[in-house]
Amino acid sequence: LAHGVQRTAVRQAHRKHEPDFHDKYGNLVLLGGAAVFSVVWGYVLTQGGIEWGLSPVGRVTPKEWRE
């Protein structure tokens, strides 16, 4: 069994490798997806109208002081 597996591995290693879709377009698809992701989130974070509650300045009103 091991000899047959070894022979198959050698045969595949020496076989001329035809580039498939991932070989041809893998990095392109990855970069395109990263670009779309960045553009969409950039738009959401800057133009989405989300109010970020990071600073309490102007939001927190002091209580009235009691003697």
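Condition check for Gly49 on (1) modelled with pLDDT under 80; (2) within 35 Å of the chain's Cα centre (by Cα); (3) open to solvent by 100 Å² or more (accessible area, probe 1.4 Å): one failure, at (3).
Any idea which residue in the range 1-24 is modelled with the highest pLDDT, counting only those that are part of a helix (DSSP H, G or I) and open to solvent by less than 100 Å² (accessible area, probe 1.4 Å)? Checked the range 1-24; the qualifying residue modelled with the highest pLDDT is Asp23.
The values are calculated or read from the model by the stated rules, or taken from the named source; none is laboratory data. Since we're looking at a predicted model, the values are computed, not measured. Quick note on the areas: whole protein, heavy atoms, side chains included, nothing else; ligands and nucleic acids left out. Shrake-Rupley method; radii C 1.70, N 1.55, O 1.52, S 1.80 Å.
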